[in-house]
Structures are given as C-alpha cells and as structure tokens.
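To start, the structure under review is shown below, and the notes come after it.
The values are calculated or read from the model by the stated rules, or taken from the named source; none is laboratory data. Just so you know, these numbers come straight off a predicted model, no measurement behind them. Note that we place each Cβ from the backbone using ideal geometry, even for glycine, and neighbour counts take in every protein chain shown. Heavy atoms of the whole protein, side chains included, go into the accessibility calculation; ligands, DNA and RNA do not. Shrake-Rupley method; radii C 1.70, N 1.55, O 1.52, S 1.80 Å.
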Amino acid sequence: QVQLVESGGGLVQAGGSLRLSCAASGRTFSRHVMGWFRQAPGKERDFVATISWSGSSTYYADSVKGRFTISRDNAKNTVYLQMNSLKPEDTAVYYCAARAWSGTSTRAYEYDYWGQGTQVTVSS
C-alpha cells in the first residue's frame, strides 16, 4: 500500500514557475513507477509526465515537453514536477500517481495509487 500526498500548488502568473512535490509512504517506493496527471474543470484527466523506478527514464506529454521536468528522490520517497514557463492552459488540479512493479505508462487506469491532488492556477 502506498499513500501519496501532493504539495506545492498555487497561483502563478503566466511565464512563472512552480515545483510540485509528492511524498509517498511505504517501503517499496523505489519499486514504483511514478506519474503526474492533471485535470481541468469539465475535462478528462490527462497524462503529464512519468518516471521509471530508477529515475533514468522519463516521458512527457507533448504539451509540456521542454517546460516541465519530472524527477524523484528515492531516499526521500518523493517525486517532483518542476514546471517552468507556465501558461494559462496549464491550470488544473495536478495528481501524483504510483504504479507498482511495472514499466512507465501514460494511461491513468494503469496506475494503482493516487494522491488527493493540488490546484495549479496560472493567470494571464
């Protein structure tokens, strides 16, 4: 069982930066693929980024490639999402997710555990 708690969301102007954190409980964090997803009002939950167990492999949605960076610190049981050059269309609730004993995935239904989400609002 893994519990995830996101933090770091807030209100930022377009062009600004935020860093989201996701703290995980459980001793098997280092064996979980981690992902970030986001959901805007009235829209489906969309894939943002994913990172492998070791952190050596990452993959991003085209909409955030070159602006967002996912990373993890297995010693701290934490995954991060550094978001730069933010745009109003990045406004959403951002969710951290964990996938046990498998490879990276862009599909939300393949993730086993989810955090409660953190709001990111980008003003124009």
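Residue-wise test of (1) at pLDDT 95 or above; (2) of a type in the set (S, T, N, Q); (3) over 21 Å from Y111 (Cβ atoms).
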{"site": "V2", "(1), (2), (3)": "no, no, no"}
{"site": "G9", "(1), (2), (3)": "yes, no, no"}
{"site": "A14", "(1), (2), (3)": "yes, no, yes"}
{"site": "T28", "(1), (2), (3)": "no, yes, no"}
{"site": "R31", "(1), (2), (3)": "no, no, no"}
{"site": "M34", "(1), (2), (3)": "yes, no, no"}
Fill in the blank from the handout: Flagged in the stretch 20-53 as free of Cβ contacts under 8 Å to residues at least 12 places away in the same chain and small (G, A, S), in numbering order, are G42
Fill in the blank from the handout: Among (1) outside any strand (DSSP E or B); (2) in contact with a Leu (Cβ under 9 Å, 6 or more places away or on another chain), Y94 falls short only on (1)
Handout entry: Number of the condition not met by S85 [criteria: (1) over 24 Å from V12 (Cα atoms); (2) in a loop (DSSP other than H, G, I, E, B); (3) small (G, A, S); (4) in contact (Cβ under 8 Å) with a residue 40 or more places away in the chain]
Key = (1)
Handout entry: Search result, residues across the stretch 13-53 that are out of contact with any Lys or Arg (no Cβ under 6 Å at 6 or more places or on another chain), open to solvent by 30 Å² or more (accessible area, probe 1.4 Å) and among the polar types (S, T, N, Q)
Key = Q13, S17, S25, T28, S30
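Could you check the stretch 66-76 and list, in sequence order, the residues that are open to solvent by less than 60 Å² (accessible area, probe 1.4 Å) and closer than 15 Å to I51 by Cα?
Here is the first cut: in the stretch 66-76, the ones open to solvent by less than 60 Å² (accessible area, probe 1.4 Å) are 67-68, 70-74.
Selection gives F68, I70, S71, R72, D73, N74.
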Problem - Residue tally, condition assigned to a loop (DSSP other than H, G, I, E, B) and within 18 Å of V122 (Cβ to Cβ), over the stretch 1-31 - result: 6
Exercise for the section: Would you please name the residue that is nearest to the chain's Cα centre (by Cα), looking only at residues in the stretch 77-105 that are open to solvent by 60 Å² or more (accessible area, probe 1.4 Å) and at pLDDT below 95? Expected result: T104
